[in-house]
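Working notes, beginning with the structure itself.
FYI, it's all coordinate maths here, none of it is from the lab. In this text, all values refer to a predicted model and were calculated from it rather than measured experimentally. Backbone-built Cβ (ideal geometry, glycine too); neighbour counts: all protein chains shown.
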Amino acid sequence: MTHYRIAPSILSADFARLGEEVQRVIAAGADWIHFDVMDNHYVPNLTFGPMVCAALKPYATVPLDVHLMVEPVDEMIQAFAKAGADIITFHPEASRHIDRSLSLIHDSGCRAGLVLNPATPVYVLEHVLDKLDVVLLMSVNPGFGGQKFIPHTLEKIEQVRSLTDLYAAESGRRILIEVDGGIKADNIAEVAAAGADTFVAGSAIFNQPDYAAVIAEMRRQLEKAGG
Ligand code: DX5
Ligand code: ZN
């Protein structure tokens, strides 16, 4: 039985009440809090930095999943580790030395992952599998919430799942597969069936008044998918 995780992205939360929003969504059943860091350089949008992360940390009683959409990444890795990040993921295109950046995340005491954009090939994972705790697959182009799920991602999830299954058989270590962008209760089951176990959802949760109802419906759909 797969253990599924739902990671609400606070990108779609009410920014004037972020602490409260984090508490509410955790009470509604969030497993992780997904924190989208955008720098208006690597992606065409600007969100929040390590100071906001540190301010939210006392409210986050579940792991803080920091998705860095910034370039360069190394200084931000250290700043976010200090600010209380539990998981840090970054885009390989944004780091000159991917292996070194992954080591930096681990040395800072966090779990590490790479993020693949819709057009980024899966082979970038092959030589760093032993340094990955999670692979984050973008199912939209990064930069904005509320975009439509790109269906081709399903094949890519299957591809990554075969790779991580093979690796798990050799190493005994399972790498999580997280999917980000356009996830809703009505497509989460097919994303899970393709091999994902961790689901980021921003607008689907925060644009509804009852967060618990959305998360419960997502879990019902996941049960159907076999979890
Ligand atoms: C996009 C971000 C996503 C985004 C997901 O660059 O990485 O985490 O917030 O939002 P929805 O679920 O609204 O597509
Ligand atoms: Zn994200």
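Would it be correct to say that Ala7 is in contact with a Phe, Trp or Tyr (Cβ under 7 Å, 6 or more places away or on another chain), within 14 Å of ligand 1 (Cβ to nearest atom) and either farther than 26 Å from Glu190 by Cα or not charged (D, E, K, R) (or both)? Yes: the conditions hold for Ala7.
In summary, Gly195 fulfils each of the numbered conditions (1) under 15 Å from Ile6 (Cβ atoms); (2) assigned to a loop (DSSP other than H, G, I, E, B); (3) not charged (D, E, K, R) with the single exception of condition (1). Residues that are within 13 Å of ligand 2 (Cβ to nearest atom) and aromatic (Phe, Trp, Tyr) are absent from the range 113-129. In the range 153-188, the residue that is surrounded by the fewest Cβ atoms within 10 Å (Cβ to Cβ) out of those that are in a loop (DSSP other than H, G, I, E, B) and either away from ligand 1 (no atom under 16 Å from the Cβ) or of a type in the set (D, E, K, R) (or both) is Gly172.
Could you check, for the range 205-216, whether at least one of its residues is outside any helix (DSSP H, G or I), buried (at least 17 other Cβ atoms within 10 Å of the Cβ) and touching a Leu at 6+ places or on another chain (Cβ under 9 Å)? No, the range 205-216 contains no residue that is outside any helix (DSSP H, G or I), buried (at least 17 other Cβ atoms within 10 Å of the Cβ) and touching a Leu at 6+ places or on another chain (Cβ under 9 Å). When the range 33-62 is filtered for residues that are closer than 12 Å to Ala13 by Cβ and either of a type in the set (Lys, Arg) or assigned to a loop (DSSP other than H, G, I, E, B) (or both), the ones remaining, listed by number, are Thr47, Phe48.
What is the one condition in (1) within 28 Å of His41 (Cβ to Cβ); (2) polar (S, T, N, Q); (3) away from ligand 1 (no atom under 16 Å from the Cβ) that Gln147 does not satisfy? The number of the failed condition is (3). Cβ separations smaller than 8 Å between residues 6+ apart or across chains give the following pairs from the range 1-23 residues that are over 17 Å from Met51 (Cβ atoms) to residues that are more than 15 Å from ligand 1 (Cβ to nearest atom) and of a type in the set (A, V, I, L, M): Thr2/Ala192; Tyr4/Ala192; Tyr4/Leu222; Arg5/Leu176. I'm checking my understanding of the structure. Among residues of the range 16-60 that are over 17 Å from the mean Cα position of the chain (by Cα) and polar (S, T, N, Q), which one is nearest to ligand 2 (Cβ to nearest atom)? Once the filter is applied, the top-ranked residue is Asn45. Quick check: is even one residue across the range 206-213 more than 17 Å from the chain's Cα centre (by Cα), more than 16 Å from ligand 1 (Cβ to nearest atom) and under 21 Å from Gly113 (Cα atoms)? No. Condition (residue is in contact with a Phe, Trp or Tyr (Cβ under 6 Å, 6 or more places away or on another chain), buried (at least 17 other Cβ atoms within 10 Å of the Cβ), in a loop (DSSP other than H, G, I, E, B) and of a type outside the set (Asp, Glu)) applied to the range 72-85: is it met by at least one residue? The answer is yes; a qualifying residue exists. Against the list (1) on the phi > 0 side of the Ramachandran plot; (2) in contact (Cβ under 8 Å) with a residue 40 or more places away in the chain, the condition Gly84 fails is (2).
Of all residue pairs spaced 6 or more apart or on separate chains, none has beta-carbon atoms under 7 Å together with a first member in the range 104-125 that is assigned to a helix (DSSP H, G or I) and a second member that is among the aromatic types (Phe, Trp, Tyr). The set of residues in the range 132-174 that are in contact with an Asp or Glu (Cβ under 7 Å, 6 or more places away or on another chain) and touching a residue at least 60 places away in the same chain (Cβ under 8 Å) comprises Val134, Leu136.
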